[in-house]
Each structure stands twice: as structure tokens, then as C-alpha cells.
Amino acid sequence: MAVRFPFARTLCLALVLGTTGLAPAFVVPALAQQIEPPPPPGKQKKLPEAPSKLPKVDRSKNLDFLFGALKAAPDEASAKHVEARIWAIWLQTPSDTAALLMSRAKTAVDAQKIEIAIKLLDSVIKLRPDYIEAWNRRATLYYMQNDYGRSLADIREVLIREPRHFGALAGLGMIMQEVGDEKRALEAYRKALAVNPHLEKIPDQVKALTEKVEGRDI
């Protein structure tokens, strides 16, 4: 199906790579999301990263605090700083095996071997169905293949586990917009912005869709 707005594919990849200030299930970093390596000493402070091992209760409290900070961020730079920390927590792998499979999936995507990447993510999900980012990344790859049914199914799994996943919500909006369901697209975008008011491009889509779906104010 033709793309209904030109930024959709680019935004999808940016959500996967974590370059827009977002992160659909996606499809938020999904495959290549990484925090940038630290700059040379004395030039710039390194972004804080989540600990490699974090108890579940502390992880939840950390996310609650960070989502609050994201909403309250006074500017774009502050928002990106907080968002990077959220992604760092989301990307913590639950096991060494899962981490290895995720790394191989990224390598496969870099080599344009999407089917192999999907099979690797299948293995991660089978091994650790609680690991949100495996669902998120696979949703992105299905989206890139125009397999909206499977992408939506994976987005649903992400949002069941983390309703605040702004990348998944943005991805849901993109798919709904592409299939012509503008009302549901608007709803998904609004939910994404409610979690992360600093998402790029999404406010413009909300404005355009609001005028189409709800009409202009008189």
C-alpha cells in the first residue's frame, strides 16, 4: 500500500534507530538504537546510562521517575537526555543469550537480511517473551515489509507490557494513517504525545488529522 505521508518510512527507521527524539513498537530504537559513545575527556559529559543489572522494582521506579521528567522537560535537549535514559532501560537484555541474539539481529538488518533478523527476533521472543524490545524491533521489521497485520500484533504485545511505549504508539499511528483509519491514527498519536510531548513530526500530524477528523474550529 502506498505511503500516505512522506515521512512515514523515514520516521519508522528513525524510531528504530532512536534518532528523532522518539523511539513504532518502534518500532521506537529498535534495531540499531544505541546511546552514542562518550566524547573525548573534557569536551562533553557522557549521557547517563542505566546500570546493566537493575532489580525489577527499581527498574519500574526508575521508569516512573523518568517518564515524569520527560513530560516536565523544559526544552528539547533536556527531553532527549531523559529519553536516552528511558531507552537504555528498555534495551537492557534479560539474558546473555538474548543479548547475543539481539546483536545478531542488528547485524542482519545492517546487511539488509531482514528475514534472518526476524527469525533471530523470533528466537528472542520465544526465549524471553517478557522482553519488550524484541517485540518492538520485530514490529518495525514487519512494518518495513508492509506486513501490517503482524506489525500490529507485535505492537499490541509491546503496549500490553508497557502502555507508555511512545515508539509503539507512534508506530500504531503511522500504520493506522497508512491504511486510512485517520481517527485511530489521531488517537494513537495523541497518546504518544501525552507520554512524550517532545516527539518530532507527530505534533504536525496531530494538527493535520485533527482538522480532517474533527474539523476546524469555528
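The values are calculated or read from the model by the stated rules, or taken from the named source; none is laboratory data. What you are looking at is a predicted structure, and each value in this text was computed from that prediction instead of being measured. Don't worry about glycine lacking a Cβ; one is built from the backbone with ideal geometry, like all the others, and counts go over all protein chains shown.
A few notes on this one:
- Flag for A99 being among the small types (G, A, S), in a helix (DSSP H, G or I) and touching a helix residue (DSSP H, G or I) at 6+ places or on another chain (Cβ under 8 Å): no
- Scanning the stretch 123-176 for residues that are among the aromatic types (F, W, Y) and over 16 Å from N196 (Cα atoms) yields Y131, W135, Y142, Y143, Y148.
- Pair list, Cβ < 8 Å and 6+ apart or interchain, from the stretch 114-133 residues that are more than 12 Å from A99 (Cβ to Cβ) to residues that are aromatic (F, W, Y): I118/Y142; I125/Y131; I125/W135; I132/W90
- Filter result for L66 (at pLDDT below 95, in contact with a helix residue (DSSP H, G or I) (Cβ under 6 Å, 6 or more places away or on another chain) and under 19 Å from R161 (Cα atoms)): no
- Test for Y131: is it crowded, with 19+ Cβ neighbours inside 10 Å, over 28 Å from K207 (Cα atoms), at pLDDT 95 or above and more than 13 Å from the chain's Cα centre (by Cα): yes
- Within the option set A168, A153, being closer than 29 Å to E182 by Cα and either surrounded by fewer than 16 Cβ atoms within 10 Å (Cβ to Cβ) or among the acidic types (D, E) (or both) holds for one residue only, A153.
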